[in-house]
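Below is one structure, written out as structure tokens, with a few remarks after it.
The values are calculated or read from the model by the stated rules, or taken from the named source; none is laboratory data. This is a predicted model, so every value here is computed, not measured. Heads up, the Cβs are rebuilt from the backbone with ideal geometry, glycines too, and the neighbour counts pull from every protein chain shown.
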Amino acid sequence: MSMLRPEHTKPCWGWSNTFMNAEWRNRSSTCLSAAEALTEQLFMALEAVKHYESGNALYERGRMDDAIAAYREALRLKPDYSEAFNNMGAALQALGRMEEASAAYREAVRLQPDYATAWNNLGSAVQLQGDLSEAIAAYHQALRLNPDYAMAHYNLGNAMRAQRRPAEAIDAFRAAVKLKPDFREAYSNLGAVLHEQERLEEALAAYQDALRLKPDWGSAAGQIVHLMRQLCWWDDLAPRVAALRHAIMTDAPLSKGIPPFSIVVSDTSAAEQQRCARQWVSHKRLLRASQVASAASARTVMSRLRIGYISADFHNHATAYLIAGLLESHDREAFEIVAYSYGPDDASPMSRRLQSACSRFVEIGALSDQKAAAGIQADGIDILVDLKGYTQHARTGILTYRPAPIQAQFLGYPGTMGTGMVDYLIADRFVVPDEHFRFYDEHIIHLPDCYQPNDPHRVIGPAPTRTEAGLPETGMVFCSFNETYKITPTIFDIWMRLLQSVQGSVLWLLASNQWAPDNLRREAHLRGVDPRTLIFAPRVSLAAHLGRLALADLVLDTLPCNGHTTTSDALWSGVPVLTCAGETFVSRVAGSLLQTMGLPELITHNLEDYERKARELAEDAEILAGLKTKVQERRRTSPLFDAARFARHLEAAYRAMWDRHTRRKAPAAISIPAVWGNSGTDV
């Protein structure tokens, strides 16, 4: 995670003597009045230094308000004291008073234009206010003055990454670690931007360097585990996961900063996931005083509710594929829909479709968290719905300002956020049964069908031939297009046994990255399976992907992290999916989808039954063909692909949340009754 680092200037011990010598050179020692004036100035200068050094000591002890008072007194005595302006800015920045901090830094560089530290600090402050262009200019000025300034290179890297200039971010982070080889934060952020560019091996090496420098750094340890899963490098994976789990449950130093997503997708319990999320909130200090807009609070239940959806994924992304039909199906007479986007605009048809589906589409990517929250608050949003949680590119900091009276999380993150800043989690009875409520800090909304919306307008492209898809002309095709980080050694063991027992079968997988295919083929060979029976499919357009799925005979789900969008893709394409439901949200999504489709026979509850069922289906062509026909029939009538019905249920949930709010009742678990009859019927 990026950290903007201002630098606090240490005490300038030789300054007062230099000041006195210069003053004495410029005055005649024989002039009594000049001597008296000079004595007074020297006294004030010495007092200024005393207050400045007192401020530094208070700053180091974390007493920022007292430090600011000391710096102000130093500046009263010596108004051109640039170091005092800089250090006061650092203290103000530590308190989140960014505008005042920026003003102090600006005064420091006005008084001392060659003050590289103050230029760097000005950059960090204005970047946190959302002005990336000015921040980058300030960092460049700091580096012109001091090309070997590691912190300025690091902060420049953060700004370039935020401005989606990854090559320049990588160069800046590499410069920082070259100048300061023990700069662990720079290694970590280098790893992050390399990861975003899918340069996975380089990213792993950078995170390993960060962890080498700080062996109890949970952030780097968690990212290493996630990258190893993506790469399917399993040799050292189990002990690393065990160390993270132990740290979480014992509050060991390693627990600080473990990314919750890396734990949610691991073989962990709901209790461990909740504890990790809470530790993340505490470590990142994701708590602020409520700043709910009074205008929004005063709105009545009879008003058209303003719903804000906030995400980085309003473009060609799995979340967009799921939510497009929902956005188009909202009742515009009863709801005003505003999307807040901080992700890229890829100018794709999906991006244009999503923008057209909303009453307003607001770009907030260039704004700081505080300014974005202020804008949401000014818009009078009644319910702010976060679609990211703790997934990649999430800006949870916006939620900490409480820009809406009700905040909910939905769809993007299958777990608790571990904080009271989110009032509700939108789920269903399968993914979060009543007995699991204690593992969620949010209040659970149960929708009557599946919590996952689906777009009934997804185009299914023509099916290629088996030869065109790289598959053999005959034989059973097991398939899993889940991302490789979801494939565990335990699940892979089962798949390899199936290939060994079902003659002529192959396993069709997604080539998620360039390294995973070779690593999985190696793992197959170690298990006595011909690596050629693993067939890897490239990434293609959504329509082409949905079309090729028709060639699969049976989709095998993963555990503990199920396929989510990939499962609904397969069902929409008419292909049976076999899942094993676990005890966490992330491990129960496919089961929810199948239950909503009326296919409970494809849900197992332990891996022995999962393996047995897969073998039975593979060996009985008639039963498997019947299941495929059933899936194809159900997809036309199932609530799973009825966007209008889903919208009515979700709108009923929003009304229920708002009703409690207007009656001044605290958030509570809510169960939404099903719509009966036509999909368009109001609840």
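LYS630 fulfils the conditions (1) buried (at least 17 other Cβ atoms within 10 Å of the Cβ); (2) touching a residue at least 60 places away in the same chain (Cβ under 8 Å); (3) out of contact with any Gly (no Cβ under 6 Å at 6 or more places or on another chain); (4) more than 29 Å from TYR485 (Cα to Cα) except for a single criterion, (2).
Hey, among the residues in the range 224-239 that are in a helix (DSSP H, G or I) and more than 22 Å from the chain's Cα centre (by Cα), which one's nearest to ALA205 (Cα to Cα)? The residue in question is LEU237.
Here ALA172, ALA108, ALA138 are screened, and the one residue that is buried (at least 18 other Cβ atoms within 10 Å of the Cβ) and in contact (Cβ under 8 Å) with a residue 24 or more places away in the chain is ALA108. Checked across the range 90-102, the condition of being touching a Pro at 6+ places or on another chain (Cβ under 7 Å), in a helix (DSSP H, G or I) and either without any contact (Cβ under 8 Å) to a residue 40 or more places away in the chain or not small (Gly, Ala, Ser) (or both) holds for at least one residue. Of all residues in the range 325-354, those satisfying the criterion of being in contact with a strand residue (DSSP E or B) (Cβ under 8 Å, 6 or more places away or on another chain) and surrounded by 17 or more Cβ atoms within 10 Å (Cβ to Cβ) are LEU327, HIS330, PHE335, GLU336, ILE337, VAL338, ALA339, TYR340, SER341, TYR342, GLY343, LEU354. Being under 30 Å from VAL281 (Cβ atoms), modelled with pLDDT of 95 or more and touching a Phe, Trp or Tyr at 6+ places or on another chain (Cβ under 9 Å): is that true of VAL431 here? Yes: the conditions hold for VAL431. Counted as qualifying within the range 597-683 are the helices (runs of 4 or more DSSP H) with 1 or more residues that are within 30 Å of MET476 (Cβ to Cβ) and out of contact with any Leu (no Cβ under 8 Å at 6 or more places or on another chain), namely 607-619, 621-637. Taking LEU499 as the residue in question, decide whether it is farther than 30 Å from ARG285 by Cα and more than 31 Å from the chain's Cα centre (by Cα). For LEU499, the condition - farther than 30 Å from ARG285 by Cα and more than 31 Å from the chain's Cα centre (by Cα) - is met. Of the residues screened, ALA668 is one that is in contact (Cβ under 8 Å) with a residue 12 or more places away in the chain and either out of contact with any Lys or Arg (no Cβ under 6 Å at 6 or more places or on another chain) or closer than 30 Å to ILE406 by Cα (or both). All conditions in (1) farther than 25 Å from THR558 by Cβ; (2) modelled with pLDDT of 95 or more hold for ARG285, with the sole exception of (2). Those residues that are under 28 Å from ARG199 (Cα atoms) and β-branched (Val, Ile, Thr), I need them from the range 492-539; list them, please. Of everything in the range 492-539, those that are under 28 Å from ARG199 (Cα atoms) and β-branched (Val, Ile, Thr) turn out to be THR533, ILE535. Selection over the range 340-386 of residues that are in a helix (DSSP H, G or I) and not small (Gly, Ala, Ser) gives a count of 11.
Taking the range 190-206 as the range and being of a type outside the set (A, V, I, L, M, F, W, C) and closer than 18 Å to THR391 by Cβ as the test, the residues that pass are GLY191, HIS195, GLU196, GLN197, GLU198.
So for the range 116-129 (the condition being part of a loop (DSSP other than H, G, I, E, B) and buried (at least 17 other Cβ atoms within 10 Å of the Cβ)), does at least one residue qualify? Taking every residue of the range 116-129 in turn, at least one turns out to be part of a loop (DSSP other than H, G, I, E, B) and buried (at least 17 other Cβ atoms within 10 Å of the Cβ).
Kindly check whether there is at least one residue in the range 615-628 that is within 27 Å of HIS457 (Cβ to Cβ) and assigned by TED's automatic domain parsing to the domain that holds ASP569.
There is at least one residue in the range 615-628 that is within 27 Å of HIS457 (Cβ to Cβ) and assigned by TED's automatic domain parsing to the domain that holds ASP569.
If you go through the range 122-149 and keep only what is among the small types (Gly, Ala, Ser) and closer than 19 Å to LEU95 by Cα, you end up with GLY123, SER124, ALA125, GLY130.
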